[in-house]
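The values are calculated or read from the model by the stated rules, or taken from the named source; none is laboratory data. Keep in mind that what you see is a predicted model, and the values were worked out from it rather than measured. Glycine also receives a Cβ, built like all others from the backbone with ideal geometry; neighbour counts cover every protein chain displayed. We work out accessible area using only protein heavy atoms, side chains counted, and drop any ligands, DNA or RNA first. Shrake-Rupley method; radii C 1.70, N 1.55, O 1.52, S 1.80 Å.
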Amino acid sequence: MTNFLRTIILLGVLQGFIVSYLLYSTSKGRSANKLLAVFLALLSLASFNLYSSYYNWYGSGILRFVAALLPWVIAMPFGPLFYFYIRSFLDSGFTITKQRKWQFATIVVDLVPALIAQIYVIGVLLNVIPRKPAPWVLVIDTYNVYSDIPRWLSLAWYVFLSARYLKQYQQENSTTPGLAWLKQMTSLMLIFLGIWFLFLVPYIIPEYTDRLLGILDWYPIYLPMTVLIYWFGIKGLIMSYQETGEKKPANILSKEQAGDLLLQLKKVMEQEQLYLDAELSLTGLAKHIGVPSKQLSAVLNQHLGKNFNEFVNEYRVELFKEKLLNSENETYTITSIAYDCGFSSQATFQRAFKQVTGLSPTAFKKEKTRYN
């Protein structure tokens, strides 16, 4: 039975690397496919590390030495890659800006064990650290146990962001091809997070760590991970070809055309105040100014670094700030003012306001009142 389970993991590793290569290198692909390719490759790399440890593929001294100096489990990028894949799949104009790239900086959590090993080796070679690996190995093993906490939290946060984004997107574009597939992906990730959480709780308790691994090993985590590799790989590859085959030529704008469109956007938002309409959608705004919705989305992403909701909500937040600080509105509640500014729900308003200002509406009012 053990050999059977390990074979399943090995087959997942092989398929993961093959599909990753196909997704990343295909000429028909786009950024979404590359993001999914990297995501699958990292899942496969972690599974390969587990499988190789079962059969002691690092049996020789040289291989053990090299393996100890390299990071094999790189899990912190799982969340950003998954979230950006969904955004990029639905929005052809989505780009990973410099600000978004910083979200991958958490990879340092995964690099610490290899860095500790490198420090030890260099120290031994320079005769500044005694040749006693046991304490260093203990530090690395202990770190590996507790590093799973930020890994789980990171993935959970980005899966939550993905689910929220899909919900908002569906309200405006319910018939978009591939939307059902992305919702299915998110549901599978939620199931995986649940399984991982049930494993993680006893795993991080010192008296249960070795006992848990002795009974279940890593199968409760890596078998579901293998299922993700299988399903995301096959379905993702199929969807990439279907999406590419159905895709119409993109409307590419010159810098001058993009500039004209941005001026037109500014005019309709500031003079006509379209953002006051709580039902305003990307499709509705595009129709109002007479451009394809995909073209409008691409301009917002590439030239402003924002999606449609971020763009519109910034206008709503600015109007809310003006109304909130106006003494004539002191008798109105924060919620009623938010609705007057075009927000459709209190939750959306609270989230958008904090995203723009970094403060809650109440904290913002207190700070401005104190400053004035």
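Points worth noting:
- Scanning the stretch 302-311 for residues that are in a helix (DSSP H, G or I) and either basic (Lys, Arg) or closer than 12 Å to Val356 by Cβ (or both) turns up Asn309, Glu310, Phe311.
- Restricting the first member to the stretch 78-91 and to residues that are in a helix (DSSP H, G or I), and the second to residues that are open to solvent by less than 10 Å² (accessible area, probe 1.4 Å) and among the β-branched types (Val, Ile, Thr), the beta-carbon pairs closer than 8 Å and six or more apart or on different chains are Gly79/Val159; Phe82/Val159; Tyr83/Val159; Ile86/Thr186.
- Test: residue in the stretch 143-162 that is of a type in the set (Phe, Trp, Tyr) and farther than 21 Å from Phe82 by Cβ: yes
- Options Val291, Val299, Val268; residue that is under 15 Å from Val312 (Cα atoms) and either at pLDDT below 85 or outside any helix (DSSP H, G or I) (or both): Val299
- Residue, most open to solvent (accessible area, probe 1.4 Å), within the stretch 325-345, restricted to residues that are part of a helix (DSSP H, G or I) and modelled with pLDDT of 85 or more: Tyr339
- In the stretch 196-219, residue farthest from Met1 (Cα to Cα) [restricted to those that are open to solvent by 60 Å² or more (accessible area, probe 1.4 Å), aliphatic (A, V, I, L, M) and within 29 Å of the chain's Cα centre (by Cα)]: Ile205
- Selected residue [hydrophobic (A, V, I, L, M, F, W, C), open to solvent by less than 60 Å² (accessible area, probe 1.4 Å) and either modelled with pLDDT of 85 or more or not in a helix (DSSP H, G or I) (or both)] from Leu22, Leu42: Leu42
- Look at (1) under 30 Å from Ser88 (Cβ atoms); (2) surrounded by 17 or more Cβ atoms within 10 Å (Cβ to Cβ); (3) in contact (Cβ under 8 Å) with a residue 24 or more places away in the chain and you find that Ala286 fails only one, number (3).
- Selection count where residues are of a type outside the set (Gly, Ala, Ser), surrounded by 15 or more Cβ atoms within 10 Å (Cβ to Cβ) and in contact (Cβ under 8 Å) with a residue 24 or more places away in the chain, scope the stretch 112-143: 5
- Tally of residues being outside any loop (DSSP other than H, G, I, E, B) and open to solvent by 50 Å² or more (accessible area, probe 1.4 Å) across the stretch 92-103: 5
- Failed condition for Tyr85, given (1) modelled with pLDDT of 90 or more; (2) surrounded by 18 or more Cβ atoms within 10 Å (Cβ to Cβ); (3) farther than 22 Å from Phe160 by Cα: (3)
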